[in-house]
Structure formats: C-alpha cells, structure tokens
Amino acid sequence: MIVFENVFMSYPTKFGRKVVIDNLSMEFDTRKSIGILGLNGAGKSTLLRLIGGSELPERGRIWRGVSVSFPLGYTGCFAGNMSGRENAAFLARVYDYNVAEVVEFVESFAELGEYFDEPVRSYSSGMQSRLGFGASMALKFDVYLIDEGFGAGDARFAARVQETFNSRLKDSRMILVSHAPETMLTYCDAGATLHNGKLTYYQNIKEAVESYNRIVAEPLNSLKGTS
C-alpha cells in the first residue's frame, strides 16, 4: 500500500504557481497495476516522482509499505563522471544488492561493450537509455514506476526490455502514467485521472479511460457550445 495524506504540490510558471496535486489523500492499492491518465502538463511525472520519493511534497505525508522503483529507464540517477560499471555498482549498494551480480546483469543487458567502463557523460542518449533500462531490470521491486510507456531505443532492445519486464510483473505490480489509454488497457487493472490538481481513482481501468476521454473532449464540447 502507498498512502498519501493531504499532499500538496505546485511548481512555478511564468503565470505564477501551478497546483498539480491539491491536498490529495488517497490509498494506492499496490496489489493492482494502476494506470494514471492526464493531459500534458497535468502533473503526472510530478506525481510519479512523489510516489517514488525522488521529490518531496510541499505539504502532507507519503507512506510506502512496499518497495518502489525509480522510473523505468530513468537516467537522472547516474553520475556523469562515473562509468556505467561504477554507476551500476553504486545503485547496487544503495538498494543493498549484491554488487557483482547487479554489475554483471547490467553489463550483459545494456550491451554497451567497452563504453560500460567509460564516463556516462560521454554516452549518447540511446546508450544512457540502455544503461537506465539495464539498471531498472537488475533490481527487483514490489512496484515499478513507468513514465509514458516502454520507449527503449531499437526494436530488438525494446522487445528484450518488454520480455524481462513482463517476467517481473509475475511477482510485482506497476504504476504507469500516460496520456495514451491503449497501454493502460493492456497492462493495468485499476486507474485514475489527474486533472486540475485532483486525482480521481477508479477500481476498473476502463472507467478511468472513459473519464479521461471525457476530460479530453471538454474543450471541444465547450467550443461547440459557443458556435
């Protein structure tokens, strides 16, 4: 279970502060895979960072009774002056995993060759992505966080990520944020919509998708009403 208690979050814009999470109190049932839908700029990525703990709320508390991953394929946790090997070893120590096993897995999975021992700052974006997905798959969590799908470079590598992740889901669940309902319907059991700072939870993902479709249609309906 992941519990939000009166969580508030906003961020600055040129028009003032935008509230993305407005005093949210909610229990996320982590026995289910949950899809969170929202328009671009609704605050989905911010919500994911709050769930994972990489960002703290301005107000309120978040309690996690399960292990939660960093976002799948996330590269922001890597130190640019360290090699891929050193970064993999560092993550293993942070999460209390066997260093040699994690490094061996990431090296094999990412297929970076000799670049695995070069500084990450010298990597292309595609190479960083490979390292990020390798690190994500090396560590096992109760809940995996996914921001906007499974994009992972070339088709062969993406298929390997998908296959490995599917095996992880036999024992784990995920929280996926997106504005594309199709992936949600495939992978998620329950869902929620994030709109104007409010998160509305649905036990059935289809209900969440229907609600999101109504949100998407709101501007069009308003234009029709003024024509």
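Only the coordinates and a few stated rules stand behind these numbers; no lab work does. As the structure is a computational prediction, the values presented were derived from the model and not from experiment. Note: ideal-geometry Cβ built from the backbone for every residue, glycine included; neighbour counts use all protein chains shown.
Using a cutoff of 8 angstrom between alpha carbon atoms and counting only pairs six or more residues apart, the relative contact order for the chain works out to 26 percent.
Within the chain, which DSSP H helices have Cα atoms that stretch 24 Å or more along the helix axis and a mean Kyte-Doolittle hydropathy of at least -0.5? Numbers along the way, then the final one.
Values: long enough: 205-226 (32 Å, -0.31).
Sorted by number, the helices that extend far enough and score high enough are 205-226.
Among 31-43, 175-187, 154-166, how do they line up from the highest to the lowest mean number of other beta-carbon atoms within 10 Å? Mind showing how you got there, number by number?
On the way: 31-43: 20.3, 175-187: 18.6, 154-166: 13.8.
Averaged packing, sorted descending, gives the order 31-43, 175-187, 154-166.
Note on S167 and I62: their simple-model spin labels are 3.0 nm apart, each label 7 Å out from Cα toward Cβ.
A crude spin-label estimate for the pair E114 and K32, with each label 7 Å from Cα along the Cβ direction, gives 5.2 nm. The eigenvalues of the Cα gyration tensor, multiplied by 5 and square-rooted, give the range 80-140 an equivalent ellipsoid with semi-axes of 17, 11, 10 Å from largest to smallest.
Can you give the helix-only mean residue ellipticity at 222 nm for the chain, where every DSSP H stretch with n ≥ 4 adds -39500 (n - 2.57) and the sum goes over all residues, rounded to the nearest 500 deg cm²/dmol? Don't skip to the end; give the middle numbers.
Numbers: 7 runs with 89 residues, N = 227.
For the chain, the value works out to -12500 deg cm²/dmol.
The label point for N40 and the one for F15, both projected 7 Å from the Cα toward the Cβ, are 1.5 nm apart.
Exceeding 29 Å between C-alpha atoms, which entries from my cross-link table qualify? They are K14/K198; K14/K44; K14/K206. Check vs 29 Å cut-off fails for K14/K206.
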